[in-house]
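Okay, structure first, notes after.
The values are calculated or read from the model by the stated rules, or taken from the named source; none is laboratory data. Quick caveat: nothing in here was measured; it's all calculated off a predicted structure. Here the Cβ is made from the backbone with ideal geometry for all residues, glycine too, and neighbour counts use every protein chain on show.
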Amino acid sequence: MTEPLSLLTALLLGLFGSSHCLVMCGGISAAIGARAGEHRVRAALLFNTGRIFSYAIAGLIVSLAGLWLAQQNAILMLVLRTIAAVMLILMGLYVARWSTVLTRFEQAGNLLWKRLQPLTVRFMQSPKVSDQLVLGMLWGWLPCGLVYSTLSWVAANGNPVMGPLSMLAFGAGTLPALFASTLAGTLVSDLLGNTHVRRFAGLLLIIYGIWTGWVVWFPAGQNP
């Protein structure tokens, strides 16, 4: 059974969840833009390129892990796919701001982040082009429930090629909001912050998660 995760879905996950990105990364994006001055567009490109590259690396890692699980035990893979469906529903609830349970999963990445965070201070103060790229790569490992929920989908897909590509698409979906914060823009952030837009996007994610859970447990009902 192929997990119904497409590049378009991953793109929409990033776009619809961008309000969370503004909370997690908006501050540093704005700071980078302020320090870069007239070079803020370049700084935004470098920072976000590094961040999305780290997402792709994480996507490759978890997709390989998912593939290994699929080869070891079909039951474990079924559990992983179920978790992915639940995580998608939780993300929908978060996007609509009906529940913040998703953010509790961010604690899972604190151990790694505690080792990486001190390094970000050094690169944050540097005006070098290469350091702005490295800062983005480090920031890509910031504990984030939105990223974790998408990675769970990638793992459930178990495809080492689609894994990194899906995370690249997800990262692309987060770009408009973060570019807006870096360039001091407000149009995109205001749109993503609109209550009706959030609730509509959240409802779509919840429906998609429920449908995916149905496909996992009742594959006979899946369209050929």
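Before we move on, is residue 134 surrounded by fewer than 20 Cβ atoms within 10 Å (Cβ to Cβ), touching a Leu at 6+ places or on another chain (Cβ under 8 Å) and over 24 Å from residue 78 (Cβ atoms)? No, not satisfied. Tallying residues that are surrounded by 12 or more Cβ atoms within 10 Å (Cβ to Cβ) and either part of a helix (DSSP H, G or I) or in contact with a strand residue (DSSP E or B) (Cβ under 8 Å, 6 or more places away or on another chain) (or both) within the range 116-128 yields 7.
Yes/no per residue for (1) assigned to a helix (DSSP H, G or I); (2) surrounded by 14 or more Cβ atoms within 10 Å (Cβ to Cβ); (3) touching a residue at least 60 places away in the same chain (Cβ under 8 Å); (4) in contact with a His (Cβ under 7 Å, 6 or more places away or on another chain):
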residue: 52; (1), (2), (3), (4): yes, yes, yes, no
residue: 71; (1), (2), (3), (4): yes, no, no, no
residue: 80; (1), (2), (3), (4): yes, yes, yes, no
residue: 92; (1), (2), (3), (4): yes, yes, yes, no
residue: 97; (1), (2), (3), (4): no, no, yes, no
residue: 108; (1), (2), (3), (4): yes, no, no, no
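The set of residues from the range 133-161 being over 15 Å from the mean Cα position of the chain (by Cα), modelled with pLDDT of 85 or more and in a helix (DSSP H, G or I) comprises 133, 134, 135. Based on this model, can you work out whether residue 67 counts as buried (at least 16 other Cβ atoms within 10 Å of the Cβ), at pLDDT 85 or above and either touching an Asp or Glu at 6+ places or on another chain (Cβ under 7 Å) or more than 17 Å from residue 154 (Cβ to Cβ) (or both)? Answer is no for this residue.
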